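A.B. asks: There's a structure below that I have some questions on.
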Amino acid sequence: MGNISIIVRLKSPDPAAMTAMSTFRRIYPEMCPDSLQRYDYWCFMNPRQGRETINGIVSRYHDIVNPNKQTWSFINESGDSDDRSDDSMVWIDVRVTDRIDSVSENWTAILRRSNSEVDGVLCSVLWRFGFAPGVSSDNARNKVLELTVSTYRDHGLLANPVSQKIDLPAPLKI
């Protein structure tokens, strides 16, 4: 069995995404996306019972998904989410993971102690940038990298390459 990933989002508007979008509009109006979404991205390594194991973990641990405040969906190996939406926007996804990640280490330890049958957990933040249909994928990708990766005090906002790993995964259908 391979890794299985889920994404978790707030049911209400996400304050971190709203703050980032407001900052982008103020500081980088020419590069600002039309939409910005933030998800918690959980990758469970080699769950023995596949999705059944993940369903059990999610239903048991409300620190991973709080059903009162959050919704979640699976991401399959091809990068598609179970939650399909037909959207004409150009979406560029950026996954930000701490290089020294105590959250992943702690959840791995918790799940091993409870015999949850996973080899490990990797926790990240997934940022989804949406651009109008007329923007090319290459142009959108360049804008996202400029907006995301901090290289100066006043440049980039969402990830510090010194302490975080930045991945541009295959586009997701969320």
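Values in this text are rule-based calculations from the coordinates and carry no lab data. From a predicted model like this one, the values you see are computed outputs, not experimental measurements. No Cβ is skipped: glycine too gets one built from the backbone with ideal geometry, and neighbour counts run over all protein chains shown.
A.B. asks: Using the Karplus curve 6.51 cos²θ - 1.76 cosθ + 1.60 with θ = phi - 60°, what ³J(HN,Hα) values do you get for each residue of region 7-14, in whole Hz, with x for Gly and Pro?
C.D. replies: 10, 10, 9, 6, 6, 8, x, 7
A.B. asks: Helix 51-60 sits at what angle to the longest principal axis of the chain, using alpha carbons and giving 0 to 90 degrees rounded to 10?
C.D. replies: For 51-60 against the chain, the angle is about 90 degrees.
A.B. asks: Give the order of GLU52, GLU117 when sorted by the count of other beta carbons within 10 angstrom, beginning with the fewest.
C.D. replies: GLU52, GLU117
A.B. asks: Amide H of SER35: which non-local residues (sequence gap of 5 or more, or other chain) have their own amide H closer than 5 Å, using H built in the peptide plane?
C.D. replies: Correct list: GLY130.
A.B. asks: Hey, fewest Cβ within 10 Å first, where do VAL121, VAL96, VAL135 land in order?
C.D. replies: VAL135, VAL96, VAL121
A.B. asks: Okay, moving on. Gain in length, SER35 to SER59, computed as 0.36 nm per residue apart minus the alpha-carbon separation, to one decimal in nm? Each step should come with its number before you reach the end.
C.D. replies: Numbers: separation 24, 0.36 × 24 = 8.64 nm, distance 3.02 nm.
Using 0.36 nm per residue and subtracting the Cα-Cα distance, I get 5.6 nm.
A.B. asks: Positive end of the dipole of the chain, charges at C-beta (+1 Lys, Arg; -1 Asp, Glu), about the Cα centre: which of VAL96, PRO15, ILE75 has its Cα farthest in that direction?
C.D. replies: Checking the options against the dipole of the chain, the answer is PRO15.
A.B. asks: Any chance you could give the angle, 0 to 90 degrees and rounded to 10, that helix 15-27 forms with the longest Cα principal axis of the chain?
C.D. replies: 20 degrees
A.B. asks: Could I ask something else about it? Which value, in debye to the nearest 20, gives the size of the charge dipole of region 1-58 about its Cα centre, when Lys and Arg are +1 and Asp and Glu are -1 at the Cβ? If you can, show how the numbers build up before the last one.
C.D. replies: Details: 7 positive and 5 negative charges, 23 e Å.
Rounded to the nearest 20 debye, it is 100 debye.
A.B. asks: Using a Gaussian network model of the chain whose springs link C-alpha atoms within less than 10 Å, name the residue from PHE24, PHE129, PHE74 with the highest mean-square fluctuation.
C.D. replies: So, out of PHE24, PHE129, PHE74, the one fluctuating most is PHE24.
A.B. asks: Shifting gears a bit: Starting at the first residue of region 109-125, write each ³J(HN,Hα) from the Karplus equation 6.51 cos²θ - 1.76 cosθ + 1.60 with θ = phi - 60°, in whole Hz, x for Gly and Pro.
C.D. replies: Karplus values, whole Hz, x for Gly and Pro: 5, 4, 5, 5, 4, 8, 6, 7, 6, 10, 7, x, 9, 10, 9, 9, 10.
A.B. asks: Residues with amide H under 5 Å of GLU117's amide H, sequence separation 5 or more or different chain, H placed in the peptide plane at 1.01 Å from N; which?
C.D. replies: Those lying under 5 Å, H to H, from GLU117: there are none.
A.B. asks: Take the alpha carbon atoms of region 117-167, find their radius of gyration, then divide it by 2.2 N^0.38 Å using N residues; give the quotient.
C.D. replies: Output field value: 1.44.
A.B. asks: Also: How much FRET efficiency would the formula 1/(1 + (r/R0)^6) give for ASN139 and SER73, where r is the Cβ-Cβ distance and R0 is 35 Å, rounded to 0.05?
C.D. replies: Values: r = 29 Å, r/R0 = 0.81.
Given R0 = 35 Å and the Cβ-Cβ separation, E is 0.75.
A.B. asks: Only four residue types carry charge here, +1 at the Cβ of Lys and Arg and -1 at the Cβ of Asp and Glu. Report the dipole size of region 4-167 about the Cα centre in Debye, rounded to the nearest 20. Please report the intermediate quantities before stating the final value.
C.D. replies: Details: 19 positive and 22 negative charges, 88 e Å.
Here the size comes out at about 420 debye.
A.B. asks: Continuing with this model, one more query. Using only alpha-carbon positions, what ratio does the radius of gyration of the chain give when scaled by 2.2 N^0.38 Å?
C.D. replies: 1.07
A.B. asks: Separate question: Suppose we keep just the DSSP beta bridges with both residues in region 4-167; what percent of those would be antiparallel, to 5? Show your work: numbers first, answer last.
C.D. replies: Details: 35 of 36 bridges.
Approximately 95 percent, going by the DSSP bridge assignments.
A.B. asks: A follow-up question, please. How many nm is it between the label spots at ASN3 and ILE110, if each spot is 7 Å from the Cα in line with the beta carbon?
C.D. replies: Each label point lies 7 Å from its Cα, and together they span 2.0 nm.
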